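Structure record follows, encoded as structure tokens.
The values are calculated or read from the model by the stated rules, or taken from the named source; none is laboratory data. Computed from a prediction, not measured in an experiment: that's the story for all the values here. Ideal geometry is used to build each Cβ from the backbone, glycine not excepted, and the neighbour counts take in all protein chains shown.
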Amino acid sequence: MSDAYTPKPEHKFTFGLWTTANPGRDPFGEPTRPALDPVENIRKMAEIGAYGFNFHDNDLIPFGSSAKERDRIVKDAKKVMKDTGIVCSMATTNLFGHPVFKDGAFTSNDTRVRAYAIQKTMHAIDLGVEMGAKIYVFWGGREGAEVDLAKDPVESMKRMREAMNFLTHYVKDQGYDLKFALEAKPNEPRGDIYLATTGNMLAFIETLDHKEMVGVNPEYAHETMAGLNFSHHVAQAIECGKLFHVDLNGQKMGRFDQDLRFGSEDLKGNLLLVRLLENRSYTGPRHFDAHAYRTEDSDGVWDFARGCMRTYLILKEKARQIDDDVEIRALLKEIRNDDEQYQSLIEAHDADGFEKLKRAKLNPDELAKRPLRYERLDQLLQEIILGVRG
Ligand code: GCO
Ligand code: MN
Ligand code: MN
């Protein structure tokens with residue numbers, strides 16, 4: 001069945017190899033699905049209309065593989081890419097799975113572990129570039145602590161900067177066309193993870209040697225777990241010109257890291273998120289970092305993947321409906337109450353402007369009388385979501 005919500009490569013939907021290959025393991029239970037071969041995984045993603053795939057080094061090349069084995073897998077993956085047209089849009093490093101990273105990678109207290117983490121990332125960057133990735137994500141899942149006394153949090157920031165600086169210099173030295181995107185998360189698997197929000201990452205980036213090649217990869221679940229408004233973080237990243245990548249999924253506030261199908265929680269929030277990405281001309285991949293419920297079998301995984309893309313396209317259509325709605329447009333105009341005279345005073349940073357604004361006759365009691373019709377506005381939005389408007 002093909003309809004207006006059928007995903008196509010032009011929609012730029014991508015999945016991590018780890019998402020559709022997730023076997024349904026959780027901290028309390030064993031896998032409920034068999035392992036999925038990475039090359040088969042890529043072929044299937046192409047078949048359902050994805051634009052690209054992403055991978056951690058070890059999603060594609062198992063830890064400890066020989067050089068011969070590595071080359072064989074790369075060759076097979078490249079063949080699928082050639083046959084189907086699917087691209088590798090992002091690559092990243094697994095710096096959390098092996099016990100060597102039990103107390104962090106770039107922020108480990110052991111210099112040799114930090115050096116090993118950087119070395120592993122150099123190899124993974126080489127592999128990512130070989131596969132065609134243009135974006136390299138850094139998610140510091142183990143860069144945190146449970147025992148704050150053991151690891152100096154100020155020192156940890158410095159170590160993080162040292163690693164990022166080293167790796168940006170490496171990329172430049174190799175002449176790679178690659179940008180970095182830093183992904184924040186407040187907790188899980190560590191009790192507390194450093195640089196917990198996208199806002200923290202944006203501030204950290206400004207301290208780097210090559211800040212122009214570093215942006216962010218915000219994830220819906222991560223800000224939501226912390227009880228924050230995800231769209232506001234994405235908006236700040238857009239405004240800074242730093243939204244290089246985005247991880248979309250579903251998550252309830254205040255829960256464990258759920259990684260649910262995109263749009264399965266908070267339809268209103270997700271509709272406004274899609275509207276933000278579309279209206280602000282975000283051109284990067286729409287990456288789904290989620291996985292199927294543990295109750296699905298291997299086939300159900302693809303229902304999950306199709307669902308993520310389909311919901312995005314439906315929300316995109318609803319976003320257009322909001323912007324085309326005459327009553328909503330009129331309400332938004334009325335709510336804004338633009339005033340050119342005062343706007344130019346706010347923008348004028350000179351003595352004349354300071355003086356004029358100081359003396360301006362602005363009566364707060366009068367200003368406070370203006371009603372803001374948010375009830376009507378939000379109800380119209382609800383009715384669009386519920387499918388009963390126009
Ligand atoms: C998580 C993270 C990861 C990262 C991935 C790419 O909560 O586990 O979202 O899935 O996105 O490691 O760096
Ligand atoms: Mn996540
Ligand atoms: Mn993620």
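Suppose the filter is surrounded by fewer than 21 Cβ atoms within 10 Å (Cβ to Cβ) and closer than 21 Å to Asn94 by Cα; does Phe63 pass it? Taking the combined requirement at face value, the residue satisfies it.
Here are some residues: Pro9, Pro34. Which one is modelled with pLDDT of 95 or more and over 27 Å from Pro189 (Cα atoms)?
Within the list Pro9, Pro34, the selection yields Pro9.
Restricting Thr207, Thr168 to residues that are hydroxyl-bearing (Ser, Thr, Tyr), away from ligand 2 (no atom under 16 Å from the Cβ), in the same structural domain as Ala91 (by TED's automatic domain parsing) and closer than 17 Å to Thr121 by Cβ narrows the list to Thr168.
Being in contact (Cβ under 8 Å) with a residue 40 or more places away in the chain and either surrounded by 13 or more Cβ atoms within 10 Å (Cβ to Cβ) or of a type outside the set (Asp, Glu) (or both) is a property that Phe28 lacks.
If the condition is being part of a helix (DSSP H, G or I) and more than 16 Å from ligand 2 (Cβ to nearest atom), then region 14-44 contributes Pro38, Val39, Glu40, Asn41, Ile42, Arg43, Lys44. Screening the candidates Lys242, Lys211 for the property of being under 12 Å from the mean Cα position of the chain (by Cα), away from ligand 1 (no atom under 16 Å from the Cβ) and at negative phi yields one hit, Lys242. Residues of region 190-208 that are touching a Gly at 6+ places or on another chain (Cβ under 6 Å), within 14 Å of ligand 1 (Cβ to nearest atom) and assigned to a loop (DSSP other than H, G, I, E, B): Arg190 alone.
Taken over region 279-329, the criterion of being of a type in the set (Phe, Trp, Tyr), part of a helix (DSSP H, G or I) and buried (at least 20 other Cβ atoms within 10 Å of the Cβ) is satisfied by Phe304, Tyr312. Taking first residues from region 234-251 that are free of Cβ contacts under 8 Å to residues at least 40 places away in the same chain and partners that are within 16 Å of ligand 3 (Cβ to nearest atom) and hydroxyl-bearing (Ser, Thr, Tyr), the Cβ contacts under 8 Å between residues at least 6 apart in sequence or on separate chains come to Gln236/Thr198; Ala237/Thr198; Gln251/Tyr220; Gln251/Thr224.
From Val113, Val171, Val137, grab the single residue that is under 30 Å from Gly85 (Cβ atoms) and over 19 Å from the mean Cα position of the chain (by Cα). It is Val171.
In this structure, Glu355 does satisfy being in a helix (DSSP H, G or I) and over 41 Å from the mean Cα position of the chain (by Cα).
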